[in-house]
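**Student:** A single structure is presented below for examination.
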Amino acid sequence: MNDRRFNVLLSFAALVIVFIFAGFLFTLVVQSLPAAKQEGAAFLYGSEWNPVTTRFGALPFIIGTLMTSAIALVIAIPLSLSAGIVMGEYVNSGWVRSVLNTLINVLASIPSVVFGLWGIEVVIPLVRKLALLVGAPPYGAGILSASLVLAIMIIPYMSSMTREALVNVPAGLREGAFALGLTKQEVVTGIALPFAKKSIFAGILLSLGRALGETMAVTMLIGNATRIPKSLFSLGNTLASVIASQFNEAASEVHRSAMMGLALILLVITMIAGWFGRTLMSKGMGAYGK
């Protein structure tokens, strides 16, 4: 009887979660219909975003979102993999591991607005100097500044998942490799990393989902320009940042509807990245050599 009640409770909780998500998705779809009817498919590929003339195209923000997330991944992956390998393979116990884990956890818990303020005071001046050196417009704020801070924000997630993937490599594989005379570096590069590669890649995709949805820090650093960015030093906007900066000041019902459409696009992109990452984690863990 207790088991039956427990199963009923679990089923009820699952139904509530499904109902909440379905209602959330339904609201976004319904609220975005006015803009979709006005713009049609041009809402996805149009480059003009002008609330005054009620013309709305999401392409600049889609490109800005993908650019900042991709650049952040390029910067974060080598740093995160290095930190994860050190914590998972070379520092298995003692105070050093404790300090590293604490630092990673603290970095992950810093509010995004604090990252944004730090970026304004430190990153933007550095990017402005770099822009002057290469002959780019010295805005300071822009795609590169937002990407750099975004990379720092996702490093804790990616490095933690890399560490966990390496820790879960069966000890028998390492012991057998050492028994054959392999060095520590050969065991890490030839045994542990190939075994954990799908889980590590899944962690990268889940970190990508985190990067895609970041709002406050990106809004403070990207420059909030409604145009397609043409370089790393260009001002821009992401799907999340334009919603944060314009939603409360919507000039018309269609303007508000267009931003609900941006939220729906962001949800779909994030869900695809998250689903792909979780699929790899559930099916790919332990798939050595595949």
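The values are calculated or read from the model by the stated rules, or taken from the named source; none is laboratory data. Only a predicted model underlies this, so the values are computations on that prediction, with no experimental measurement involved. Glycine also receives a Cβ, built like all others from the backbone with ideal geometry; neighbour counts cover every protein chain displayed. To get the accessible areas, we keep the full protein, side chains included, count just its heavy atoms, and leave off ligands, DNA and RNA. Shrake-Rupley method; radii C 1.70, N 1.55, O 1.52, S 1.80 Å.
**Student:** Arranged from highest to lowest average of other beta-carbon atoms within 10 Å per residue, in what order do the peptides 143-152, 69-78 appear?
**Tutor:** So the order, starting with the most tightly packed, is 143-152, 69-78.
**Student:** Which peptide among 237-246, 126-135, 266-275 comes first, and what is the full order, when sorted by highest mean count of other Cβ atoms within 10 Å?
**Tutor:** Ranked from most to least packed, the peptides come out as 237-246, 266-275, 126-135.
**Student:** Run the numbers on the chain and let me know its relative contact order in percent, using alpha-carbon pairs under 8 Å that are six or more apart.
**Tutor:** Rounded, it is 28 percent for the chain.
**Student:** Continuing with this model, one more query. Between Thr54 and Val8, what is the FRET efficiency for a Förster distance of 51 Å, r being their Cβ-Cβ separation, to the nearest 0.05?
**Tutor:** 0.50
**Student:** Once neighbouring chains are kept in place and the probe is 1.4 Å, which whole percent of the accessible area of the range 61-284 is contributed by carbon and sulfur?
**Tutor:** Here it works out to 69 percent.
**Student:** Mind running the shape call on the chain? Use the C-alpha gyration tensor, a ≥ b ≥ c as the square roots of the eigenvalues: rounded below 1.5 for a/c, prolate if a/b tops b/c, oblate otherwise.
**Tutor:** Oblate, since a/c reaches 1.5 and b/c is not below a/b.
**Student:** Output the DSSP H helices from the chain with an along-axis C-alpha extent of no less than 20 Å and a mean Kyte-Doolittle hydropathy no less than -1.0.
**Tutor:** Flagged H segments are 2-39, 59-85, 95-109, 143-167, 193-213, 253-284.
**Student:** Over the Cα atoms of the range 38-121, compute the convex hull volume and normalise it per residue, giving Å³.
**Tutor:** Spread over its residues, the Cα hull of the range 38-121 gives 151 Å³ apiece.
**Student:** Expected output is a single nm value to one decimal: the length gained when fully extending between Thr189 and Val113, i.e. 0.36 nm times separation in residues minus the C-alpha distance. What is it?
**Tutor:** Between Thr189 and Val113, full extension yields 23.6 nm more.
**Student:** Say we join alpha carbon atoms closer than 10 Å with springs in a Gaussian network model of the chain; which of Gly203, Gly277, Gly190 then has the biggest fluctuation?
**Tutor:** Largest GNM mean-square fluctuation: Gly190.
**Student:** In addition: For the residue pair Asn105 and Lys230, what label-to-label distance in nm results when each label sits 7 Å from Cα along the Cα-to-beta-carbon direction?
**Tutor:** According to this spin-label approximation, the distance is 4.9 nm.
**Student:** Taking the chain as a Gaussian network, Cα atoms linked when under 10 Å apart, which of Ser47, Ser159, Ser207 shows the biggest mean-square fluctuation?
**Tutor:** Result for the chain, Cα springs under 10 Å: Ser47 fluctuates most.
**Student:** What does the charge count around Gly236 come to, taking other residues whose C-beta lies under 11 Å from its C-beta (Lys +1, Arg +1, Asp -1, Glu -1)?
**Tutor:** So the surrounding residues net to +2.
**Student:** Let me ask another. Give, as a single signed number, the net charge of other residues whose beta carbon lies under 15 Å from the beta carbon of Ala41, with Lys and Arg counted +1 and Asp and Glu -1.
**Tutor:** Net local charge, Ala41 excluded: 0.
**Student:** Using a simple spin-label model with points 7 Å from Cα along the Cα→Cβ vector, what separation in nm is obtained for Lys129 and Ile20?
**Tutor:** Label-label distance for Lys129 and Ile20, simple model: 4.7 nm.
**Student:** Hey, with R₀ at 35 Å, roughly what FRET efficiency would Thr279 and Val122 work out to, going by the Cβ-Cβ distance, to 0.05?
**Tutor:** 0.40
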